[in-house]
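Taking it in order: structure first as structure tokens, then the write-up.
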Amino acid sequence: FKAVRIPINNIPVYCASYGKLLTSSVLSNPKVINNVNAAADSALSQIKQLLGQSSISFPKVLAIAKQFAKESSLLTSPKITGMISKIEAAGGHASMIMLGEAIVSDIPFDKATRLTISTTKASVLGQV
């Protein structure tokens, strides 16, 4: 496995967190680990296929992330699944943020914070 930067830049994303999900409580369950590994194999294969295309859209990445969340059995919160359904009904795309009771979307939604995906290296914007 080799990490590769996905060529998505200057894309607005919207995120909201509704609570914590302790990684240790999830990853201590052998059945969940098996589900995560199987879902990860599928998701990574799909991402690899995307990287071979001439352009990659953020909605496609979100769709793969959502499929991973479902297949891994990590997406169980009624609050998160309900919010994802609302976002999709409004024409957007969304997925659960791993691991946590949180959402990432390509359109604004209630209580979301707007962020930007950027490949620019971190720098100091101003002096205090």
Residue, most open to solvent (accessible area, probe 1.4 Å), within the stretch 19-33, restricted to residues that are more than 17 Å from MET96 (Cα to Cα) and outside any helix (DSSP H, G or I):
SER28
Among (1) in contact (Cβ under 8 Å) with a residue 60 or more places away in the chain; (2) among the β-branched types (Val, Ile, Thr); (3) not in a strand (DSSP E or B), there is one condition VAL36 misses while meeting the rest; what is its number?
(1)
Answer residue from the stretch 76-115, given it is modelled with pLDDT under 90 and of a type outside the set (A, V, I, L, M) and is nearest to ARG5 (Cα to Cα) among those
GLY100
So for the stretch 100-120 (the condition being open to solvent by 90 Å² or more (accessible area, probe 1.4 Å), more than 14 Å from the chain's Cα centre (by Cα) and among the acidic types (Asp, Glu)), does at least one residue qualify?
yes
Name the residues in the stretch 41-78 that are closer than 20 Å to PRO12 by Cα, part of a loop (DSSP other than H, G, I, E, B) and open to solvent by 70 Å² or more (accessible area, probe 1.4 Å), would you?
SER55
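The values are calculated or read from the model by the stated rules, or taken from the named source; none is laboratory data. Just so it is clear, the model here is predicted, and its values are computed rather than measured. Neighbour counts run over all protein chains shown; Cβ positions are idealised from the backbone, glycine included. We work out accessible area using only protein heavy atoms, side chains counted, and drop any ligands, DNA or RNA first. Shrake-Rupley method; radii C 1.70, N 1.55, O 1.52, S 1.80 Å.
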